[in-house]
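The values are calculated or read from the model by the stated rules, or taken from the named source; none is laboratory data. All figures in this text were calculated on a predicted structure; none of them were measured in a lab. Glycine gets a Cβ as well: all are built from the backbone with ideal geometry, and neighbour counts include every protein chain shown.
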Amino acid sequence: MSRFELITPRTLSEAIALLGDGDPEVRPYSGGTAMMLMMKTGVFQPRVLVNLRGLDAAYGRIEAMPDGRLRIGALATLSALEHSAVASKHAPIFPRMLKRLANVRVRNVARVGGALAHGDPHMDLPPVLACLGGEALLSGPEGERRVPVEGLYTGYYETVLHADEVITAVEVPDQAGLTTVYLKMTTRSADDWPALGLAVALRCAEGVIQDCRLVVSAATETLRRLPGAERELIGRIADDAIFRRAGDAAAEETETMSDALGSAEYKTQLLRVQLRRALQQALVENRQP
């Protein structure tokens, strides 16, 4: 690993100013679980790391908002999110999916903001937050802007974040009536990188699908909504036949990619089958009081 300088600002404005000269060798740092691996292998060699851990504790809070939204500070650790009673009440998917995200040592250090900003499509948290309708709050010299999590990514390891912007929080709307399921298919251990990540949110009334959000990741270059499959579902009676049609539509509309975890053809078939299973699971849970 090459030498670098670590600077710890005490305010958000100071951190943004340090990032503001556009130098690609100056990068923000919070948990560093992915960045340090890249630095050790020589993939990335920053000259300066701007350590965000010294910022106000407010950027690590997880709290319910008066209007029903959940606000997750970007500096909250994945372990804090996993064990947050507030987050679990808002969306029970959080503790369930986080138990299989890497291991407890990583979750104790990795931060929510870094998991979003890193841009690796194999990350587990971004598709879940996108499926929940989450918005990332980005702060830079021009102030704050909101970006839907599903719109954060432009390519492999590429995001819409400017060099002088940082994620300060994620806000998740009220999930009343929605059931969310995340299926993670790995070819190695259960907590390893997924060959396919699939998040499904479903709302039914009297057996009819009123609303759904479907997000795929890991098998694709970036996380992707599945609008074609969603159209197959909304307004239809929830049964295995319509779930199979949605799986076929998802396979048809999704361009998968080959990597060490499987071929594109394998991942396309995996998506077709696992979407049906995720929808079946969401339907069962949606019917439970």
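Just to be sure I understand, how many residues within the stretch 220-232 are closer than 17 Å to Arg277 by Cα and either under 18 Å from the mean Cα position of the chain (by Cα) or surrounded by fewer than 24 Cβ atoms within 10 Å (Cβ to Cβ) (or both)? Can you show your working first?
Here is the first cut: in the stretch 220-232, the ones closer than 17 Å to Arg277 by Cα are 226, 229-230, 232.
In the following step, the residues that additionally are either under 18 Å from the mean Cα position of the chain (by Cα) or surrounded by fewer than 24 Cβ atoms within 10 Å (Cβ to Cβ) (or both) were identified as 226, 230, 232.
Total meeting the criteria: 3.
Going by what's in this entry, would Tyr156 be described as touching a residue at least 60 places away in the same chain (Cβ under 8 Å), of a type in the set (Phe, Trp, Tyr) and surrounded by 20 or more Cβ atoms within 10 Å (Cβ to Cβ)? Quick ask: steps written out before the conclusion?
Working: touching a residue at least 60 places away in the same chain (Cβ under 8 Å): yes; of a type in the set (Phe, Trp, Tyr): yes; surrounded by 20 or more Cβ atoms within 10 Å (Cβ to Cβ): no.
So Tyr156 does not fit the description; no.
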Item to check | Residues of the stretch 187-208 satisfying the condition of being surrounded by fewer than 24 Cβ atoms within 10 Å (Cβ to Cβ) and more than 17 Å from the chain's Cα centre (by Cα) | outcome: Thr187, Arg188, Ser189, Ala190, Arg203, Cys204, Ala205, Glu206, Gly207, Val208
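Results for (1) more than 20 Å from the chain's Cα centre (by Cα); (2) modelled with pLDDT of 95 or more, shown as yes or no for each residue.
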| residue | (1), (2) |
| --- | --- |
| Pro66 | yes, yes |
| Leu70 | no, yes |
| Ala85 | no, yes |
| Ile93 | no, yes |
| Asn103 | no, no |
| Gly114 | no, yes |
Checklist entry - Of the conditions (1) over 30 Å from Val104 (Cβ atoms); (2) out of contact with any helix residue (DSSP H, G or I) (no Cβ under 6 Å at 6 or more places or on another chain); (3) outside any helix (DSSP H, G or I), Arg231 fails just one. Which one is it? => result (3)
Checklist entry - Do you know which residues across the stretch 141-180 are in contact with an Asp or Glu (Cβ under 7 Å, 6 or more places away or on another chain) and of a type in the set (Asp, Glu)? => result Glu171
Checklist entry - Could you count how many residues in the stretch 68-85 are surrounded by fewer than 14 Cβ atoms within 10 Å (Cβ to Cβ) and free of Cβ contacts under 8 Å to residues at least 40 places away in the same chain? => result 1
Checklist entry - Is the stretch 249-266 home to any residue that is touching a residue at least 24 places away in the same chain (Cβ under 8 Å), of a type in the set (S, T, N, Q), surrounded by 15 or more Cβ atoms within 10 Å (Cβ to Cβ) and not in a helix (DSSP H, G or I)? => result yes
